[in-house]
1. Taking the condition of being under 12 Å from the mean Cα position of the chain (by Cα), surrounded by fewer than 16 Cβ atoms within 10 Å (Cβ to Cβ) and touching a residue at least 40 places away in the same chain (Cβ under 8 Å), how many residues in the stretch 8-29 meet it?
2. Quick check, is TYR32 modelled with pLDDT of 95 or more, of a type in the set (Ser, Thr, Tyr), in contact with a His (Cβ under 8 Å, 6 or more places away or on another chain) and buried (at least 17 other Cβ atoms within 10 Å of the Cβ)?
3. Residue check: is TYR70 under 12 Å from the mean Cα position of the chain (by Cα), under 18 Å from HIS22 (Cα atoms) and modelled with pLDDT under 95?
4. May I ask you to list pairs of residues, at least six apart or on different chains, whose Cβ atoms are under 6 Å apart, with the first in the stretch 53-77 being over 13 Å from ALA118 (Cβ atoms) and the second being hydroxyl-bearing (Ser, Thr, Tyr)?
5. Being closer than 25 Å to PRO16 by Cβ, of a type outside the set (Lys, Arg), at pLDDT below 95 and in contact with a Phe, Trp or Tyr (Cβ under 7 Å, 6 or more places away or on another chain), is that true of even one residue in the stretch 78-92?
6. Looking only at residues in the stretch 62-108 that are out of contact with any Leu (no Cβ under 9 Å at 6 or more places or on another chain) and hydrophobic (A, V, I, L, M, F, W, C), which one is farthest from GLU35 (Cα to Cα)?
7. With (1) out of contact with any helix residue (DSSP H, G or I) (no Cβ under 7 Å at 6 or more places or on another chain); (2) of a type in the set (A, V, I, L, M); (3) surrounded by 15 or more Cβ atoms within 10 Å (Cβ to Cβ) as the list, and VAL54 as the residue in question, which single condition is left unmet?
8. For ASP126, state whether it is part of a loop (DSSP other than H, G, I, E, B) and among the acidic types (Asp, Glu).
Amino acid sequence: MTERELIARFESCAVPNAGFHHRDHVQVVWAYLREMPVVEALSRFTTSLKRFAVHHGKTMLYHETITWAYVALVHERMERHPGIGWDEFCRRNPDLLTWKPSILDRYYRPETLASDLARRVFILPDRR
């Protein structure tokens, strides 16, 4: 499946929720970033992820801070090694593909990510 096909399936909610795990989220972000600038990718991914959550009756699962942080991390890693494919990206960045423990534990205190504010708006990292 091409990046455009993956994005189209995600945006049309054709991907089943039960089969859409953390690694799949990261791959969709990677696909967006291969196709468009980071600001557009962030906007399209967050809009589509919210729509996906509503479509599957999981509106409370959307988390703005986690979403934005992962888009920024994937973008940074892609810029370090431009042009590599998905398999190579995975090989170089296993820390981005593990949900628990999360790479975000390096940047955020647990109580920050658990807060309602972090769920609603992007919060800058608060861990030294």
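1. Residues that pass the stated criteria total 3.
2. Criteria not met by TYR32.
3. No; evaluated as a whole, the condition is false for this residue.
4. Partner pairs satisfying both residue conditions: ALA53/THR59; ALA53/TYR62.
5. no
6. The residue in question is TRP99.
7. (3) is the only condition that VAL54 fails.
8. So ASP126 fits the description; yes.
The values are calculated or read from the model by the stated rules, or taken from the named source; none is laboratory data. From a predicted model like this one, the values you see are computed outputs, not experimental measurements. Virtual Cβ from ideal backbone geometry, glycine too; neighbours counted across all protein chains shown.
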